[in-house]
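In what follows, a single structure is set out as structure tokens and then discussed.
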Amino acid sequence: MICEKILGKLQEFDSSGKEIEYVDIEWHEAFKKIHKKMTDHAREIGIRMDDSVLKRGLFQDDVIYQDNHLLIVVNTPPCEVIEISMAPGHEKMIPKVCYEIGNRHAPLFFGDEENTFVTIYNEPMMQMLVGIHGVKAEKKMRKLEFDRRISASIHNHHH
């Protein structure tokens, strides 16, 4: 089975009487055009998207296949992240934090509270953030909320 389009979000579909199968797309795979995957029901699928996925991405609850009996839906599994917050009175460090994360080409998301942010975990990033005065950085597992992204695009980019 080949999935070639993002048909919409799961909540936009009438799923009554249909089987829903999820396919895991990791955060760093979200902007790739071609995938060979297994759904959570062990169905092998191919994903072949057009160039629009390079900017839009594949995210949680995107429906990529539909017929009379089946919906195939994207699941973005939790991953290790760094949750970043500023100590009271240190909000002036927000531009430095954002600059340093952007300078490492890492994805950046708004956090759950005002003046909080989320980025992908790696130890050098954690050490850099912990070293900024007034910044608190905690390693956690969570789903990335792509509608809260600050970065223009999310790519797995390394120097």
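The values are calculated or read from the model by the stated rules, or taken from the named source; none is laboratory data. No experiment lies behind these values; they were computed from the predicted model shown. No Cβ is skipped: glycine too gets one built from the backbone with ideal geometry, and neighbour counts run over all protein chains shown. Accessible surface areas use protein heavy atoms only, side chains included; no ligands, DNA or RNA. Shrake-Rupley method; radii C 1.70, N 1.55, O 1.52, S 1.80 Å.
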Under a point-charge model restricted to the Cβ atoms of Lys and Arg (+1) and Asp and Glu (-1), what is the dipole moment magnitude of the chain relative to its Cα centre, in debye to the nearest 20? 500
Quick tally, 1.4 Å probe accessible area for Met38, Met126, sorted with the most first, runs Met38, Met126
For the chain, the count of lysine pairs 8 or more apart or interchain whose alpha-carbon atoms are under 18 Å apart comes to 12
quick shape note, region 31-84: Cα extents on principal axes in Å, largest first -> 44, 27, 18
Along the charge dipole of the chain, pointing to its positive end and built from +1/-1 on Cβ of Lys, Arg, Asp and Glu, which listed residue (Ile45, Gln60, Cys79) has its Cα farthest out? Cys79
Got a number for the accessible area of Ser151? Probe 1.4 Å, square angstrom, nearest 10. 30
Most fluctuating residue of Glu83, Glu29, Glu123 in a GNM of the chain with Cα springs under 10 Å: which is it? Glu123
Measure nothing but the geometry: give the 0 to 90° angle between the long axis through the Cα atoms of 94-103 and the longest principal axis through the Cα atoms of the chain, rounded to 10°. 60
What are the ³J(HN,Hα) couplings of region 128-141, residue after residue, when phi is run through the Karplus curve with 6.51, -1.76, 1.60 and θ = phi - 60°? Round to Hz, x for glycine and proline. 4, 5, 4, x, 8, 4, x, 10, 10, 10, 10, 7, 9, 9
If I take all pairs of Cα atoms in region 1-41, what percentage of them are more than 17 Å from each other? 41
Per-residue HN-Hα couplings for region 21-28 [Karplus 6.51, -1.76, 1.60; θ = phi - 60°; Hz; x = Gly/Pro]: 10, 9, 10, 6, 10, 5, 3, 7
Heavy-atom accessible area of Lys139, protein chains in place, probe 1.4 angstrom, given in Å² to nearest 10, is 100
Taking amide H atoms as placed 1.01 Å from N in the peptide plane, list the residues 5 or more away in sequence, or in a different chain, whose amide H sits under 5 Å from that of Lys9. Val63
Write down the percent of antiparallel bridges among all DSSP beta bridges whose residues are both part of the chain, to the nearest 5. 80
So what is the relative contact order for the chain, in percent, with contacts set as C-alpha pairs under 8 Å and at least six apart? 24
At 25 °C in a medium of viscosity 0.890 mPa s, the chain has a Stokes-Einstein diffusion coefficient, with Rh taken as the Kirkwood radius over alpha carbon pairs, in µm² per second, of 144
Projecting the Cα atoms of Ala137, Asn103, Ala30 onto the charge dipole of the chain, where Lys and Arg contribute +1 and Asp and Glu -1 at Cβ, the residue farthest towards the positive end is Asn103
